[in-house]
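Below: one structure, written as structure tokens.
The values are calculated or read from the model by the stated rules, or taken from the named source; none is laboratory data. From a predicted model like this one, the values you see are computed outputs, not experimental measurements. Because the Cβ atoms are built from the backbone with ideal geometry, glycine has one as well, and the counts that use them run over all protein chains shown. When the accessible area is computed, the model is the full protein with side chains, heavy atoms only, and any ligands, DNA or RNA have been set aside. Shrake-Rupley method; radii C 1.70, N 1.55, O 1.52, S 1.80 Å.
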Amino acid sequence: MKTTFYSNGKLFISGEYLVLDGADAFALPTKFGQNLIVEDGNDKTIEWKSYDYDQQLWFENTISFDEIINNTNPEIETVKSTLINILHEAYLLNPDFINQAQGYKVKTNLTFPRNWGLGTSSTLINNIAQWTKINAFTLLKNSFGGSGYDIACAQNNTPIVYKIENNSVTPVSFYPDFTKNIFFVYLNKKQNSKAAIHAYNNHKSQNLTKNIVENNKITEAILNAKTLNEFAKAVEKHEVHLSKILELDTIKERAFPDFNGAIKSLGAWGGDFVMVVSKENPTTYFESKGYNTILTYDEMILKE
């Protein structure tokens with residue numbers, strides 16, 4: 001018997017970094033995601049195959065139940081050791097999926113290129129949690145770490161405001177008239193979330209409480225903007241606010257100072273996608289700078 005699980009990808013619109021200290025995070029689930037198909041197997045092993053968006057096999061391995069139970073962490077982290085670690089943490093939370101099985105055949109399929117940073121890991125963790133009947137937020141915390149906003153997106157089909165305390169998820173209405181003026185541009189640079197979080201922890205100042213209050217005000221302004229101009233101003237304010245905390249130039253200052261519109265980093269600064277707010281279609285501008293992956297809001301964001 002085949003069982004299929006699916007999780008949405010994610011884009012972090014506001015509250016990045018500060019979410020770790022309790023700030024409101026506004027995030028959007030994407031039309032792209034990942035599924036996981038499980039069949040019965042044998043030999044007390046998992047035959048695992050992972051496919052990219054273009055049906056190319058990018059990872060294949062056989063993992064024994066013993067490896068999952070014992071999880072001997074190797075010196076060098078590999079795709080296999082990372083996967084075993086996630087499965088080991090799942091086993092600790094619910095041993096039945098190993099103890100009561102003969103084996104499995106597992107196949108995962110991404111619907112986006114895995115270098116896009118839309119949640120290859122978070123969609124996998126949420127799918128494994130569904131399969132093994134455990135709490136995905138706990139599995140994330142015990143394996144990868146991070147705020148959990150990406151798990152919230154994996155599980156929800158509407159825009160959300162997320163708080164790390166109790167993994168609180170509030171579905172919100174965000175369907176402004178100006179989504180035709182919002183674009184997502186891929187910067188061809190995968191960002192390491194763990195390294196980015198480490199950098200944030202080194203930079204966050206004594207004004208943490210004040211910074212969280214300010215973040216929540218800006219997030220509310222982004223959510224409630226009635227016009228394109230209001231939205232662009234709130235987005236720019238968010239960038240400036242975080243740029244001061246991280247002691248980093250904004251992506252617009254660093255790479256696109258001559259662009260006529262607002263540009264916002266999404267998630268870990270310096271990589272993956274940026275959100276572009278522009279009266280005109282910005283495709284020609286970004287293509288001239290060598291960035292060819294440009295998606296409209298409707299192409300990227302999940303709508304119920």
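Things to note:
- Entry remark, the range 201-226: residues being open to solvent by 90 Å² or more (accessible area, probe 1.4 Å), under 19 Å from I160 (Cα atoms) and either assigned to a helix (DSSP H, G or I) or not charged (D, E, K, R) (or both) number 2 in total.
- K244 closer than 19 Å to S14 by Cβ and either at pLDDT below 95 or over 23 Å from the mean Cα position of the chain (by Cα) (or both): yes
- Neighbours by Cβ (under 6 Å, 6+ apart or cross-chain): first from the range 226-237, under 15 Å from I251 (Cα atoms); second part of a helix (DSSP H, G or I): K237/I218
- Some residue of the range 66-89 being hydroxyl-bearing (S, T, Y), more than 21 Å from F273 (Cβ to Cβ) and touching a residue at least 40 places away in the same chain (Cβ under 8 Å): no
- Checking each residue in the range 37-66 for being of a type in the set (D, E, K, R) and under 16 Å from Q102 (Cβ atoms) picks out E39, D40, D43, K44, E47, D66.
- Scanning the range 68-78 for residues that are exposed (fewer than 13 other Cβ atoms within 10 Å of the Cβ) and assigned to a helix (DSSP H, G or I) returns a single hit, N70.
- Flag if K107 is open to solvent by 70 Å² or more (accessible area, probe 1.4 Å) and among the basic types (K, R): yes
- Considering the range 227-244, and only residues there that are out of contact with any strand residue (DSSP E or B) (no Cβ under 9 Å at 6 or more places or on another chain), over 17 Å from P257 (Cα atoms) and assigned to a helix (DSSP H, G or I), the residue that is most open to solvent (accessible area, probe 1.4 Å) turns out to be K244.
- Counting only helices (runs of 4 or more DSSP H) that sit wholly inside the range 111-186, those with at least 1 residues that are open to solvent by less than 10 Å² (accessible area, probe 1.4 Å), in contact with a Lys or Arg (Cβ under 7 Å, 6 or more places away or on another chain) and of a type in the set (A, V, I, L, M, F, W, C) are 149-155.
- Condition check for E47: in contact with a strand residue (DSSP E or B) (Cβ under 8 Å, 6 or more places away or on another chain) and of a type in the set (D, E): yes
- Close pairs from the range 36-63: first more than 18 Å from G9 (Cβ to Cβ) and of a type in the set (K, R), partner open to solvent by less than 70 Å² (accessible area, probe 1.4 Å) and part of a strand (DSSP E or B), Cβ under 9 Å, at least 6 apart: K44/S64; K49/F59; K49/N61; K49/V106; K49/T108
- Pair list, Cβ under 9 Å, 6 or more apart: the range 144-162 residue under 20 Å from A90 (Cβ atoms), other residue at pLDDT below 95 and basic (K, R): F144/K194; G145/K194; G146/K194
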